[in-house]
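Here is the structure we will look at, set down as structure tokens.
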Amino acid sequence: MSPSSSTPFSSVPSPLGYGHRHLLGIEGLTADEIGVLLDLSEGYVALSRSQSKKTALMRGLTVINLFFETSTRTRTSFELAGKRLGADVINMSVAWSAIKKGETLIDTAMTLNAMHPDVLVVRHPDSGAVKLLSEKVNCAVINAGDGSHEHPTQALLDALTIRRRRGSLAGLVVAICGDILHSRVARSNIHLLTALGAKVRAVAPPTLMPTEIESLGAEVFFDMRRALEGCDIVMMLRLQTERMHGSYVPSTREYFHFYGLDRDKLAAAKPDALIMHPGPMNRGVEIDSEVADDIDRSLIRAQVEMGVAVRMACLDILTRDLRRDNAQAGGG
Ligand code: CP
């Protein structure tokens, strides 16, 4: 296999209807392709809940998790996903790598590529860095979050979580609330939710609302209660202070007053509206513990569970052609 061209996805015919070599973002995927990944994930929910939890589907294949930013959920669930599929999984974090000695992203990618991994899972603080890296390596690349650009597996696990509770995403009203400016989760979710027929409302203070958000298909609100009126899903986002240079909100106390989710604001949504948060949560900043821990309405724990299944589906689908070629070469 040769390195990809400059297009985000180089096409490889797949019998399952996912025609891309990498998963770099939700933008560019069709509703059918998203549906293929969600349907495949369902089987992995069942497998992960079974006693054995494991299959040998990816035996002999190597997954490298390359994280240039911190992560609890994404890194751990990709590790679990790879191991449950029988792959060899290597975790590399910047703190222990030669990047600390000045090695560039591309040199790091080329070095890892020389070890013949089959999948690279990459998180990087710069938007576009994962796509750049994907153009330099021979294997499939999964974007585990690049700057404020995309976090495709988060949007897929969010969609799977909603679909399992509501049956379908079509026609649902989803309010995405908080630091939308810095949020790759918001961007991937807007692409996915609109592709599957949901209506998206973006809610943020003016300082945290990106100018291009309407062009992505979201309706803009600055008043949280108005935005939540009649909503089916309330998706909260963390204030990403690590990406902020300067002051975007007067204080976290005032931010919570206007934009934090509590029982009072939630009352504006539908009585059975569900609460989501990608994590990590800042309790008392964007969400109150009473609603975050509501066992009837909060999907936050379910989101984490779906993360493993979705990541198993992504690893499965991106190595399908390789596994077929290996089986044919081995006479399997
Ligand atoms: N939601 C999410 O990406 O969490 P982590 O940063 O813990 O991976």
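The values are calculated or read from the model by the stated rules, or taken from the named source; none is laboratory data. Since we're looking at a predicted model, the values are computed, not measured. As a convention, Cβ positions derive from the backbone with ideal geometry for all residues, glycine included, and neighbour counts pool all protein chains shown. Please note that ligands, DNA and RNA were not included when accessible areas were found on the heavy atoms of the full protein model with its side chains. Shrake-Rupley method; radii C 1.70, N 1.55, O 1.52, S 1.80 Å.
What to note about this one:
- One residue from Ile287, Ile275, Ile300 being over 22 Å from Leu156 (Cα atoms), of a type in the set (A, V, I, L, M) and within 16 Å of the ligand (Cβ to nearest atom): Ile287
- Residues being open to solvent by less than 60 Å² (accessible area, probe 1.4 Å) and more than 26 Å from Phe78 (Cα to Cα) - total across region 275-307: 9
Here's the yes/no breakdown for (1) within 16 Å of the ligand (Cβ to nearest atom); (2) small (Gly, Ala, Ser); (3) not in a loop (DSSP other than H, G, I, E, B):
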| residue | (1), (2), (3) |
| --- | --- |
| Glu254 | no, no, yes |
| His257 | no, no, yes |
| Lys265 | no, no, yes |
| Ala268 | no, yes, no |
| Pro271 | no, no, no |
| Val291 | no, no, yes |
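- With respect to the conditions (1) touching a Leu at 6+ places or on another chain (Cβ under 8 Å); (2) at pLDDT 95 or above; (3) open to solvent by 60 Å² or more (accessible area, probe 1.4 Å), Asp39 lacks only one, and its number is (1).
- Complete set of residues in region 56-78 that are within 27 Å of Gly330 (Cα to Cα) and surrounded by fewer than 16 Cβ atoms within 10 Å (Cβ to Cβ): Ala56, Arg59, Gly60
- Test: residue in region 260-273 that is within 29 Å of Val45 (Cα to Cα) and acidic (Asp, Glu): yes
- The one condition in (1) within 12 Å of the ligand (Cβ to nearest atom); (2) assigned to a loop (DSSP other than H, G, I, E, B); (3) acidic (Asp, Glu); (4) over 22 Å from Gln240 (Cα atoms) that Glu69 fails to fulfil: (4)
- Residue match in region 43-66 (condition: in contact with an Asp or Glu (Cβ under 9 Å, 6 or more places away or on another chain), closer than 14 Å to Arg123 by Cα and at pLDDT below 95): no
- Restricted to helices (runs of 4 or more DSSP H) entirely inside region 79-175, those with at least 3 residues that are open to solvent by 30 Å² or more (accessible area, probe 1.4 Å) are 105-113, 152-166.
- Only residues that are within 16 Å of the ligand (Cβ to nearest atom) and among the hydrophobic types (A, V, I, L, M, F, W, C) were counted across region 95-124, and they come to 3.
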